[in-house]
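Here's the structure, in structure tokens; my notes come after.
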């Protein structure tokens with residue numbers, strides 16, 4: 001076999017192993033190698049006998065909680081998110097929390113994730129959906145935004161509510177035909193769409209550097225999933241100053257606490273709109289960027305509707321005594 005480089009998906013090459021000899025390749029370079037414990041990956045590793053295997057991943061932990069070093073015995077190089085931001089490889093990150101009174105304490109869990117039906121029944125309610133929409137309309141309207149939702153149906157509903165309010169929004173999922181899905185993603189790239197709503201489809205294998213806002217509206221107990229979703233907005237892009245993460249915070253207990261940006265980064269201090277990660281020269285909060293000097297109000301006027309509900313009333317946007325408005 002002549003010296004060459006072959007690019008292939010794991011799925012396709014695992015189906016066509018018989019086309020190759022086990023010794024055809026000197027090197028195997030495996031992207032998204034945090035999936036390496038999966039059967040399709042293991043089939044490839046077992047079949048080929050290269051001189052060297054290089055694994056690449058932005059997620060240093062396996063989703064099953066096991067150690068990556070069981071599969072790759074040596075870490076040749078590592079750069080965590082904090083270092084990448086401080087060195088200017090990725091953009092600085094700001095955060096705002098939007099609290100709700102949704103109670104997740106009785107949502108069943110299997111140890112590593114929420115029961116999907118329980119979670120959807122808790123989150124797929126008009127008041128929480130409207131809170132998501134109102135937050136977008138009041139604070140980041142027009143910005144390139146990805147909203148991570150609790151389910152495919154939840155994503156479709158949020159996109160519809162946004163369109164009903166004049167926002168160029170679409171939901172995208174694995175249910176879509178390939179040509180439709182590709183068109184939705186292309187429209188987002190070209191500016192025909194400003195907001196993408198999704199559940200898991202965009203977690204990996206998709207990149208859009210001009211995304212400037214992420215809505216974390218889907219609670220997850222998986223640090224891997226949260227980090228994957230966070231990575232959809234951290235890439236640099238001309239004219240992009242930073243990434244704004246909006247964490248929707250539902251009530252939970254210590255046994256089923258979802259991940260948030262601060263929990264993922266192990267940061268306890270929260271100040272709305274402050275840089276959570278940034279180079280040294282940007283770490284101080286720019287007062288002109290966020291502080292309006294007035295007490296936090298209800299998000300986009302939906303408090304009256306929410307107060308009438310016993311279990312699902314709106315809590316103020318800011319967690320502090322004094323409020324901060326998101327910058328335009």
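The values are calculated or read from the model by the stated rules, or taken from the named source; none is laboratory data. All figures in this text were calculated on a predicted structure; none of them were measured in a lab. We place every Cβ from the backbone using ideal geometry, glycine too, and count neighbours over all the protein chains shown.
Could you tell me which residue of the stretch 32-48 is modelled with the highest pLDDT, considering only residues that are touching a strand residue (DSSP E or B) at 6+ places or on another chain (Cβ under 8 Å) and either surrounded by fewer than 11 Cβ atoms within 10 Å (Cβ to Cβ) or within 28 Å of residue 223 (Cα to Cα) (or both)?
By that ranking, first place goes to 44.
Using the structure shown, decide if residue 11 is modelled with pLDDT under 80, surrounded by fewer than 16 Cβ atoms within 10 Å (Cβ to Cβ) and out of contact with any strand residue (DSSP E or B) (no Cβ under 9 Å at 6 or more places or on another chain).
No, not satisfied.
Would you mind stating whether residue 65 is more than 21 Å from residue 198 (Cα to Cα) and at pLDDT 80 or above?
No.
Out of the residues in the stretch 175-191 that are part of a loop (DSSP other than H, G, I, E, B) and out of contact with any helix residue (DSSP H, G or I) (no Cβ under 8 Å at 6 or more places or on another chain), which is nearest to residue 244 (Cα to Cα)?
191
For residue 96, which of the numbered conditions (1) without any contact (Cβ under 8 Å) to a residue 40 or more places away in the chain; (2) outside any helix (DSSP H, G or I) fails to hold?
(1)
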